[in-house]
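The values are calculated or read from the model by the stated rules, or taken from the named source; none is laboratory data. Note that the coordinates shown come from a computational prediction; the quantities given were computed from them, not determined experimentally. Ideal geometry is used to build each Cβ from the backbone, glycine not excepted, and the neighbour counts take in all protein chains shown. The protein model used for the area step is the full one, side chains on, heavy atoms only, and it has no ligands, DNA or RNA in it. Shrake-Rupley method; radii C 1.70, N 1.55, O 1.52, S 1.80 Å.
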Amino acid sequence: MSDWRSHYHNEDEEDQDDAEDNEEEFKFIGRDSLIFLIDASECMFEVDNETDISPFDLTLQCVHKVYTSKIISSDRDLLAVVFFGTQKHKNSVDFKHIYVLHDLDTPGAKRVLELDGYQGEKGNKMFKEDLGHSRDISVGEALWACSNLFSDVKLKLSHKRIMLFTNDDDPHANDSSKARMARTKASDLRETGILLDLLNLRRSGGFDTSRFYRDIVSQSADEDVGMQFKESAKLDDLLRKVWAKDFKKRAVTRLNLKLGEGVELSVGVYNLIHSARKPAAVRLYRETNEPIKTKTRWFNGETGSLLLPSDTKKAQVHGQRQIVLEKEETEELKRFDNPSLVLIGFKPLSLLKKHHHIRPSQFIYPEEEFITGSTTLFSALLTKCLEKEVYAICRYTPRRNTPPRFVAMVPQREQLDDQEMQTMPSGFHLTFLPFADDIRKVSFPKSAQAERDQIEKMKRVVQKLRFKYRPESFENPVIQKHFRNLEALALDLNEPEEMEDVTRELWQGGKVTLREQWRQSRSPSVWARGGYWLQLQEGRADAGLNHRETQRDRQRLEREGTGDVSGRHPSSE
């Protein structure tokens, strides 16, 4: 029966034996869960004079962003919202002044709208009427209520975290028993694998974590930055902290880096960049709108009988001869070496060519739990590579059935921002190097030399369009527009949120004047060959060149008899 069941696989499921190495997808067992524990005492509703927003509204805006982001990127994650310091209470343990607004469940439009209802002056007034405020709070009981929310979930949880938002650095200054209870409960949470993070908000007089929260907040082993952060007063700063803590550092694979005979250290391999795509369309049954599953079955072309996996083989044609391979033989052909990263030698960083890039690089970081001392040896290797400005060449075999690749281990220093948050981790980038078979030798004809005046004009074009490029500053306009439309439909908005396409504005700024100067600097014959191509490229950039304008330009060039009107790049002649 197992053979029959394995044969009915999903249509979208990739054949792992034939999957390309650069298109790998890794699935992790269990669901991630996150509880937002929010202080609802009156001090959280005091408006900041500099930002004109209260810490409570800032927190709800942050939670709103996380909810909408999870709906898009991680709709399987479980989220919850718990208030402490309220007059009314609602929780499974019946603790006073603790109100569970949302149990642990997948995020949805109804929850987002409920959160939005408590924002702003009108929303704050509604919150006071519905839940009220209280000074008699207990952080220990609030943590207990959150722990019960995790226990009530019947699904398998792989990651459990509580984020506590407050601007009160010592809530139990006058009650040592409650402070002791909170420390004890926080210790219990750490033992059960529940992480507790503090998101401290700005308040007058500053926020001193040493007064209470230093002994409460847990620090996971995979966090590189200390818990002592500056207070957050802006949404961007708060979101950056939330994403830094909520992001799961999951390794694609873990293997040994072999430096020589008997010298090894353990490292984890991570993907820092992955192409963002719109989610695939879900097929629904027309009458009920329920999702359907697609099954694939193979039949014998002559007899029409159903074929099992054991009835099929794979073959390749070589020299007009079909060579049939068994499944074991195909697996053996793909097996070159055990998973490892073997050091071959070192080269100066100046010899690493950017045009040898063939796929996104990966990142390695030491794993102390597998080989003791890996972190120390890794740090020493990284320090020396940075000092001598060299990179290491290694043979990289990520899995048993994967062919080895040559990679360049490029060192990188750690960088922190003004909030002492890590912007770039310390470690090595694995830059994949091409084999000789991957390099194409394409010859191009010698291009015509430009005149001096044209070179000066082009210098102005280059200077006008220069800017400091940072990938995190540019969102994909197609994907963002798609999700904004979905968000508007889910939240019953009249129109989607406006999206600013910065990729167009950078090109449009001042390009018209430069285009005219460039056009005037070129002779009629040169303009006929290259000017039309330049105008066509500008039309693609700002979507302002339609089909009719293209036809008129071509007809005018034909009347003037200026030669080629094909619209090709001049260097292609």
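Can you name the residue in region 37-57 that is β-branched (Val, Ile, Thr) and in contact (Cβ under 8 Å) with a residue 40 or more places away in the chain and, of all such residues, is nearest to PHE127 (Cα to Cα)? Give the derivation first.
As a first pass, look at region 37-57 and keep what is β-branched (Val, Ile, Thr): 38, 47, 51, 53.
Adding the requirement that they be in contact (Cβ under 8 Å) with a residue 40 or more places away in the chain leaves 38, 51.
Numbers: ILE38: 13, THR51: 21 Å.
Taking the candidates together, the pick is ILE38.
Restricting attention to region 376-427, which residues are within 24 Å of the chain's Cα centre (by Cα) and part of a strand (DSSP E or B)?
VAL407, ALA408, MET409, VAL410, PRO411, GLN412, GLN415, LEU416, GLN422, THR423, MET424, GLY427
Of the conditions (1) open to solvent by 100 Å² or more (accessible area, probe 1.4 Å); (2) in a loop (DSSP other than H, G, I, E, B), ARG359 satisfies every one except a single condition; which number is it?
(1)
Only one residue in GLY304, GLY345 is more than 30 Å from ARG76 (Cβ to Cβ) and assigned to a loop (DSSP other than H, G, I, E, B), so which one is that?
Details: GLY345 fails: assigned to a loop (DSSP other than H, G, I, E, B).
From the options GLY304, GLY345, the qualifying one is GLY304.
Checking the conditions here, which among LEU104, LEU34, LEU60, LEU113 is touching a residue at least 12 places away in the same chain (Cβ under 8 Å), surrounded by 19 or more Cβ atoms within 10 Å (Cβ to Cβ) and assigned to a helix (DSSP H, G or I)?
Criteria check complete, one pass: LEU60.
Restricting to region 63-92, name every residue that is touching a residue at least 60 places away in the same chain (Cβ under 8 Å) and open to solvent by 20 Å² or more (accessible area, probe 1.4 Å).
LYS65, THR68, ILE71, ILE72, SER92
GLU331 passes all but one of (1) within 24 Å of THR402 (Cα to Cα); (2) in a loop (DSSP other than H, G, I, E, B); which number fails?
(2)
Can you give me the number of residues within region 318-328 that are open to solvent by 100 Å² or more (accessible area, probe 1.4 Å) and outside any helix (DSSP H, G or I)? Give the derivation first.
As a first pass, look at region 318-328 and keep what is open to solvent by 100 Å² or more (accessible area, probe 1.4 Å): 318, 320-322, 327-328.
Still in the running and outside any helix (DSSP H, G or I): 318, 320-322.
The qualifying residues number 4.
Of all residues being among the β-branched types (Val, Ile, Thr) and either outside any helix (DSSP H, G or I) or at pLDDT 95 or above (or both) in region 365-375, which is most open to solvent (accessible area, probe 1.4 Å)? Just the residue, please.
Taking region 365-375 first, the residues among the β-branched types (Val, Ile, Thr) are 371-372, 375.
Next cut, either outside any helix (DSSP H, G or I) or at pLDDT 95 or above (or both) only: 371-372.
Values: ILE371: 48, THR372: 127 Å².
Residue satisfying both the conditions and the ranking: THR372.
Find the residue count for region 452-474, including only residues that are among the aromatic types (Phe, Trp, Tyr) and without any contact (Cβ under 8 Å) to a residue 24 or more places away in the chain. Spell out how you get there, then give the answer.
First, pick out the residues of region 452-474 that are among the aromatic types (Phe, Trp, Tyr): 467, 469, 474.
Right, trim to without any contact (Cβ under 8 Å) to a residue 24 or more places away in the chain and you get 469.
Going through region 452-474 one residue at a time, the tally reaches 1.
Based on this model, can you work out whether ASP94 counts as in contact with a Ser or Thr (Cβ under 8 Å, 6 or more places away or on another chain) and farther than 19 Å from PHE165 by Cα?
Working: in contact with a Ser or Thr (Cβ under 8 Å, 6 or more places away or on another chain): no; farther than 19 Å from PHE165 by Cα: yes.
The answer is no for ASP94.
Taking region 152-175 as the search range and keeping residues that are more than 12 Å from LEU198 (Cβ to Cβ), part of a loop (DSSP other than H, G, I, E, B) and among the charged types (D, E, K, R), which one is most open to solvent (accessible area, probe 1.4 Å)?
LYS154
Select from region 437-495 the residues that are surrounded by fewer than 10 Cβ atoms within 10 Å (Cβ to Cβ), part of a helix (DSSP H, G or I) and polar (S, T, N, Q) and list them in ascending order.
Across region 437-495, the qualifying residues are GLN463, SER473.
Which of the residues spanning region 259-301 are open to solvent by 90 Å² or more (accessible area, probe 1.4 Å) and not in a loop (DSSP other than H, G, I, E, B)?
Within region 259-301, PRO291, LYS295, PHE299 qualify.
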